[in-house]
Amino acid sequence: MPGPASRAAVLLAWALLLVLASAGAAAARPTGSADGPADVALAVGLTCAAALATGLWLRARHRRDAEAGDRGPEGGDR
């Protein structure tokens, strides 16, 4: 089993690899994927729909937990 020094070296190597590999992809240049008003409206609409669905799901879960009564809305994980 490798020692702590070799684990640290491996973690450092992985961290450097991830930082150096992602540095080239982070260049600021236009990609042309969302440059029109329709693309922006679609992104905003999808984000709002996802937020609404998440809110409704959380509301239903909160009510279900409150109706159970044994743990209340702040009860443990499922």
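Laboratory data are not the source of any read-out in this text; all were calculated from the coordinates shown. Since this is a predicted model, take the numbers as computed values, not measurements. Every residue, glycine among them, receives a Cβ derived from its backbone with ideal geometry; neighbour counts consider all protein chains shown.
Quick notes on this structure:
- Here the label points at ALA66 and ALA9, each 7 Å from Cα along the C-beta direction, are separated by 5.9 nm in the simple model.
- Karplus (6.51, -1.76, 1.60) ³J(HN,Hα), θ = phi - 60°, over region 40-48, in Hz, Gly and Pro reported as x: 5, 4, 5, 5, 5, x, 5, 5, 5
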